[in-house]
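The values are calculated or read from the model by the stated rules, or taken from the named source; none is laboratory data. Here the structure is a predicted model, which is why all the values come from computation and not from measurement. Counting neighbours? That spans all protein chains shown, and the Cβs are built from the backbone with ideal geometry, glycine included.
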Amino acid sequence: MESTYHPRAVEAGVQRHWAEHDVYRAKEHDPRFPKGKYYACSMLPYPSGKLHMGHVRNYTINDMLARYKRMQGYNVLMPMGWDAFGLPAENAAMKSKVAPAAWTYENIRVMKSQCNALGLAFDWSRELATCDPAYYQWNQWFFLKCLEHGLAYRKTQIVNWDPVDQTVLANEQVIDGRGWRSGAVVEKREIPGYYLNITKYANELLETTLHGLPGWSERLRLIQENWIGRSEGVRFAFPHDIRDAGGKPIQDGRMYVFTTRADTIMGVTFVAVAPEHPLAVRAGELNPALASKIEALKQGGTTEAELALKEKEGVATGLFVTHPLTGDKVEVWVGNYVLITYGDGAVMGVPAHDERDFAFAKKYNLPIKQVVALASAENEFSTDAWQEWYSAKDEGIGIHSGKYDGLKFKDCVEAVAADLAALGLGEKKTTFRLRDWGISRQRYWGTPIPVIHCADCGVVPVPYEDLPVVLPEHHIPDGSGNPLNKDEAFLKCSCPKCGKPARRETDTMDTFVDSAWYYMRYASADASTMVDARNDYWMPMDQYIGGIEHAVLHLLYARFWTKAMRDMGLLKFDEPFLRMTNHGMLLNHIFYTPGSHGAKNYIPPIEVKVSHDEKGHINGGTLSDGTKVDYGGIGKMGKTERNGVDPQDLIDKYGADTARLYVMFVGGPEDPAVWSDTAVEGAMRFLRRVWTFCAERTADIAAAPALDHAALDAAHKGVRFELHSALKQSNFDYERQQYNTVVSAAMKMLNALENVKPGESAALAHEGASILLRTLYPVAPHITWQLWRELGFERRLGDLLDAPWPTPDEQALARDEIALVLQVNGKTRGEVRVAANAERAAIEAAAAAAPEVAKFGEGRAPKKIIVVPGRLVNVVV
RNA sequence: GCGGAUGUGGCGAAACCGGUAGACGCAGCGGACUUAAAAUCCGCUUCCCAUGGGAGUGCGGGUUCGAGUCCCGCCAUCCGCACCA
């Protein structure tokens, strides 16, 4: 055995052994694992080029869990695949003129080899890439099923339109309201697109979020609950006689709105509609001067955040609708804050009791009519300035509201709803914040939506037998829109219904479709159906691991997709993920040199010699040529700030085990973590000490007799106590997946064991090494596997991967005498030593007699003595 | 704006049910070994006055024998907001 640790040689050898014996291939119903299956999976990565530290962290958590569970006797499945469709490939294509397909497949090759270099226990036989027709044909197949079941439908959607590049922009391509390439002011544009009816499942999704996911964290459930956002309200109509150009009443003469504050209906002083609303369109037709103003209201991005933060603007249409209860005329405004895709695309305006409406009314001098007052009447209503209580609903009562005066919120809503219902103009309704899932993207690199446009038959689904609609892989996008629109070979087809020449749909699917069900395809990777019986064995997944940034969209879509598959008879379970871990982000320091016009030239931290202020905080640094650099704080590792750390450099320099140990030790799995080069050195140092410890005691351990605890001297009993205490902690932390303290525990074990010098108790060294190597194996599998073998443990306990998990020995943990913390009046003043099995009375007596009690109690007699068994005793005087 | 989270030494952190705050590690300081350095090993290391104390877990209150942990009110930072993945 080598006397010093050479990680590269060790890791290469161990990885060769794993590959040759195919040790991570999972088989359904494998009789070697009586405890049954355990499916642990990481969110599939986007193949962006190279692994980044976030991946290393994610997969190491996954790997530790997988190896730990395997040693516990579970049939573990840990697969891996690639989220291979998406925008970055198109951006890369524009930049370097490489086709997205070629770029993506090369990235996958590199990243896969990096996964292997990290020693991750993936079952590669189940690998998938979502850009493979063998995979995405099932997206298409299921989409057609959804059409059949009425779960997919076509509707207008609002997109970011770049008027210069003549193309649809993603939200991230809109910067400060302008297109990222053209700089043109982005407009909202209405185009048709496909939606999946996730809101049909809103109630079930919400109920299960609240009551059916015991393995999910409270915070994750809360995020999802709020996102689904059930609200009870009233949907009602303002009748009108506004007619379209053909003389027909628009929307049958009823302008619908939804409100959760029907109690304020008597305070309506205007209504606002989206710029795309039929009434707004009609107003534009009637008055061309208005049309351009309405058009201007479409400017700006489509995100909710942007909408909420931007200045509320509007324009009066000169059109009026009728208040359903008072019969008053109410003017219709067009507002830039009303979205046509939300509800009915129209809202009632109650300036007195809604902060947004209040600001809007002040701006345009609209009337403000108070209809709710506080029961206590201590606060006076004034139209001068908004006050928090104006929108409070629970303590308010109706005023200036005719028959509704004096009613409380709930009663008032009931009364208003009943009156509206009697008029046939409205009813109580439960709505959800959750919106249907728009899956159409006007982009090339995605799953083609399998429909065909026929001049005579309209939109016709592609027949099942014609699937897959294969995406041509040779195109290189140039920023002018979807290249499929110019691909005659792709476009030209015949109508499946009438056989006449027709045009193929060029929109592709949102990549969230790809990730909505891939984890089930792993379970039956080569199935000739979407999923097969093997899916019923592995699913639902026992543990899912991924970034917190996916806490809403991806998880909700995957849950919806699962329920939709269930209802089509493809699955037998309701929820895909029994447990969910959201690991934190990896952060690093940011350095830069100032450029012109406030620009910052970011410098990778590795090139900076850091300087500190007198308090020890980082305040800047210098480059090797002496250039001073400024400190920009801590931020998410990323390209822009050039503060990412390449895991490859770490692996090359220190080895995979050190990289893994470091990312696990740096903090709790769910916490964000800040990078530190020197701490990596520390991780390396620890592994080197593990190696040295074993190397120096090879002969002792090989010839070790059975351990006799009673025969150990006091010092070695102490070592054993430390060893088994650390093991107890470590086992506890493995169960709760707090892997940073698992590493701490392993360090404590080694610290204790190093007190057993070579030539001393061989039995204790033997026990210690066997426990330490198994505890450390899931985090540092290469070095431990090698040492396990070299020290001969393999012969007695089998391959480390399948060795039994160690448990603490109660005898080692037993103590004759223990020290209790002594408090006087709740302040710690010392300790009292008592027998481990001392009675309460004996402890009280010992505490009362302690000199600290006399001193700090100033001689007063104890009034009360609180004993916490095994921990402390508090004397109150 | 809405929703969620976080805040503990110079730094990363730990503290399981309300019971010794700072385990474990990094950096730093001192020592051993060395011609010297690196590596390694040993010791110290929350702050303030210092005999012995006192203060201390973002800030201000509260409950309790006892609060990092529970409650109320603030402040700061980070993440998500539906076409980035």
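Taking segment A:178-192, which residues are aliphatic (A, V, I, L, M), within 17 Å of residue A:296 (Cβ to Cβ) and within 11 Å of RNA strand B (Cβ to nearest atom)? Walk me through how you get there before you give the answer.
Initially, segment A:178-192 is screened for residues aliphatic (A, V, I, L, M), giving A:184-186, A:191.
Pick out the ones that are also within 17 Å of residue A:296 (Cβ to Cβ) and you get A:184-186.
Within segment A:178-192, just A:186 meets the criteria.
Among the listed residues A:84, A:89, identify the single one that is out of contact with any Asp or Glu (no Cβ under 7 Å at 6 or more places or on another chain), assigned to a loop (DSSP other than H, G, I, E, B), more than 20 Å from residue A:57 (Cα to Cα) and within 16 Å of RNA strand B (Cβ to nearest atom). That would be A:84, the only listed residue that is out of contact with any Asp or Glu (no Cβ under 7 Å at 6 or more places or on another chain), assigned to a loop (DSSP other than H, G, I, E, B), more than 20 Å from residue A:57 (Cα to Cα) and within 16 Å of RNA strand B (Cβ to nearest atom). Among the residues of segment A:715-731, none qualifies, meaning not one is of a type in the set (A, V, I, L, M, F, W, C), free of Cβ contacts under 8 Å to residues at least 12 places away in the same chain and part of a helix (DSSP H, G or I).
Go through the residues of segment A:549-566 one by one and say whether even a single one is within 16 Å of RNA strand B (Cβ to nearest atom) and not in a helix (DSSP H, G or I). Within segment A:549-566, one or more residues are within 16 Å of RNA strand B (Cβ to nearest atom) and not in a helix (DSSP H, G or I). When residue A:519 is tested against (1) under 17 Å from the mean Cα position of the chain (by Cα); (2) buried (at least 23 other Cβ atoms within 10 Å of the Cβ); (3) within 14 Å of RNA strand B (Cβ to nearest atom); (4) not basic (Lys, Arg), exactly one condition is not met: (3). Just one of the listed residues (A:804, A:778) is under 30 Å from residue A:33 (Cα atoms) and crowded, with 18+ Cβ neighbours inside 10 Å, namely A:778.
Scanning segment A:811-860 for residues that are acidic (Asp, Glu), surrounded by fewer than 14 Cβ atoms within 10 Å (Cβ to Cβ) and closer than 28 Å to residue A:717 by Cβ yields A:816, A:817, A:839. Suppose the filter is among the β-branched types (Val, Ile, Thr), more than 30 Å from residue A:66 (Cβ to Cβ) and within 53 Å of the chain's Cα centre (by Cα); does residue A:832 pass it? When the stated conditions are applied, residue A:832 passes them.
Taking the criterion of being surrounded by fewer than 15 Cβ atoms within 10 Å (Cβ to Cβ) and either within 7 Å of RNA strand B (Cβ to nearest atom) or of a type outside the set (Asp, Glu) (or both), the residues of segment A:693-708 that qualify are A:699, A:702, A:703, A:705, A:706. Evaluation of residue A:389 against the conditions (1) within 19 Å of residue A:269 (Cα to Cα); (2) outside any loop (DSSP other than H, G, I, E, B); (3) not β-branched (Val, Ile, Thr) shows that the sole unmet condition is (1).
You will find that of A:791, A:813, A:753, A:773, the residue that is under 46 Å from the mean Cα position of the chain (by Cα), in contact (Cβ under 8 Å) with a residue 24 or more places away in the chain and over 25 Å from residue A:2 (Cβ atoms) is A:813 and no other. Quick check on residue A:460: is it among the hydrophobic types (A, V, I, L, M, F, W, C), touching a strand residue (DSSP E or B) at 6+ places or on another chain (Cβ under 9 Å) and within 13 Å of RNA strand B (Cβ to nearest atom)? No: the conditions fail for residue A:460.
What do you reckon, is residue A:10 out of contact with any Gly (no Cβ under 6 Å at 6 or more places or on another chain), of a type in the set (Val, Ile, Thr) and surrounded by fewer than 16 Cβ atoms within 10 Å (Cβ to Cβ)? No; evaluated as a whole, the condition is false for this residue.
Scanning segment A:219-264 for residues that are surrounded by fewer than 19 Cβ atoms within 10 Å (Cβ to Cβ), more than 28 Å from the chain's Cα centre (by Cα) and within 15 Å of RNA strand B (Cβ to nearest atom) gives a single hit, A:260.
Quick check on segment A:33-65: of everything there that is without any contact (Cβ under 8 Å) to a residue 60 or more places away in the chain and away from RNA strand B (no atom under 16 Å from the Cβ), which residue is surrounded by the most Cβ atoms within 10 Å (Cβ to Cβ)?
We begin by selecting, within segment A:33-65, every residue without any contact (Cβ under 8 Å) to a residue 60 or more places away in the chain; these are A:33-36, A:46, A:48.
Adding the requirement that they be away from RNA strand B (no atom under 16 Å from the Cβ) leaves A:33-36.
Values: A:33: 19, A:34: 9, A:35: 10, A:36: 12.
Ranking the qualifying residues of segment A:33-65, first place goes to A:33.
If you go through segment A:662-681 one residue at a time, how many are crowded, with 16+ Cβ neighbours inside 10 Å and either in a helix (DSSP H, G or I) or more than 31 Å from the chain's Cα centre (by Cα) (or both)? Residues meeting the conditions: 5. Answer yes or no: is there a residue in segment A:199-220 that is more than 30 Å from residue A:521 (Cβ to Cβ) and assigned to a helix (DSSP H, G or I). Scanning segment A:199-220 turns up at least one residue that is more than 30 Å from residue A:521 (Cβ to Cβ) and assigned to a helix (DSSP H, G or I). Those helices (runs of 4 or more DSSP H) of segment A:267-310 in which 1 or more residues are in contact with a strand residue (DSSP E or B) (Cβ under 8 Å, 6 or more places away or on another chain) occupy A:278-286, A:288-296.
Among the numbered conditions (1) among the small types (Gly, Ala, Ser); (2) touching a residue at least 24 places away in the same chain (Cβ under 8 Å); (3) within 16 Å of RNA strand B (Cβ to nearest atom); (4) in contact with a strand residue (DSSP E or B) (Cβ under 9 Å, 6 or more places away or on another chain), the only one that residue A:101 does not meet is (4).
Considering only segment A:746-800, give the helices (runs of 4 or more DSSP H) lying wholly within it that have at least 3 residues that are within 16 Å of RNA strand B (Cβ to nearest atom).
Working: elements: A:762-776, A:781-790, A:793-797.
Ranges flagged: A:762-776.
For segment A:825-875, which positions are within 14 Å of RNA strand B (Cβ to nearest atom) and either at positive phi or among the hydroxyl-bearing types (Ser, Thr, Tyr) (or both)? Within segment A:825-875, A:825, A:826, A:828, A:830, A:858, A:870 meet the criteria. Based on this model, can you work out whether residue A:478 counts as out of contact with any Phe, Trp or Tyr (no Cβ under 9 Å at 6 or more places or on another chain), in a loop (DSSP other than H, G, I, E, B) and either small (Gly, Ala, Ser) or farther than 21 Å from residue A:154 by Cα (or both)? Yes. For residue A:216, the conditions (1) of a type in the set (Phe, Trp, Tyr); (2) modelled with pLDDT of 95 or more; (3) within 13 Å of RNA strand B (Cβ to nearest atom) are fulfilled apart from (2). Comparison of A:411, A:394, A:384 shows that the only residue that is modelled with pLDDT under 95, away from RNA strand B (no atom under 16 Å from the Cβ) and assigned to a loop (DSSP other than H, G, I, E, B) is A:384.
Of all residues in segment A:438-451, those that are touching a residue at least 12 places away in the same chain (Cβ under 8 Å) and within 13 Å of residue A:86 (Cα to Cα) have Cβ atoms under 8 Å from Cβ atoms of residues that are more than 8 Å from RNA strand B (Cβ to nearest atom) and of a type in the set (Lys, Arg), 6 or more apart or on another chain, in A:448/A:504.
Hey, can you tell me all the residues within segment A:128-166 that are assigned to a loop (DSSP other than H, G, I, E, B), in contact with a helix residue (DSSP H, G or I) (Cβ under 8 Å, 6 or more places away or on another chain) and not aliphatic (A, V, I, L, M)? Quick ask: steps written out before the conclusion?
Taking segment A:128-166 and keeping what is assigned to a loop (DSSP other than H, G, I, E, B), we get A:130-132, A:149-151, A:163-166.
Retained after the next criterion (residues that are in contact with a helix residue (DSSP H, G or I) (Cβ under 8 Å, 6 or more places away or on another chain)): A:130-131, A:149, A:151.
If the condition is that a residue be assigned to a loop (DSSP other than H, G, I, E, B), in contact with a helix residue (DSSP H, G or I) (Cβ under 8 Å, 6 or more places away or on another chain) and not aliphatic (A, V, I, L, M), then A:130, A:131, A:149 are the ones that fit.
Selection within segment A:413-428: residues that are touching a residue at least 40 places away in the same chain (Cβ under 8 Å) and surrounded by 14 or more Cβ atoms within 10 Å (Cβ to Cβ). The member of this set that is nearest to residue A:402 (Cα to Cα) is A:416.
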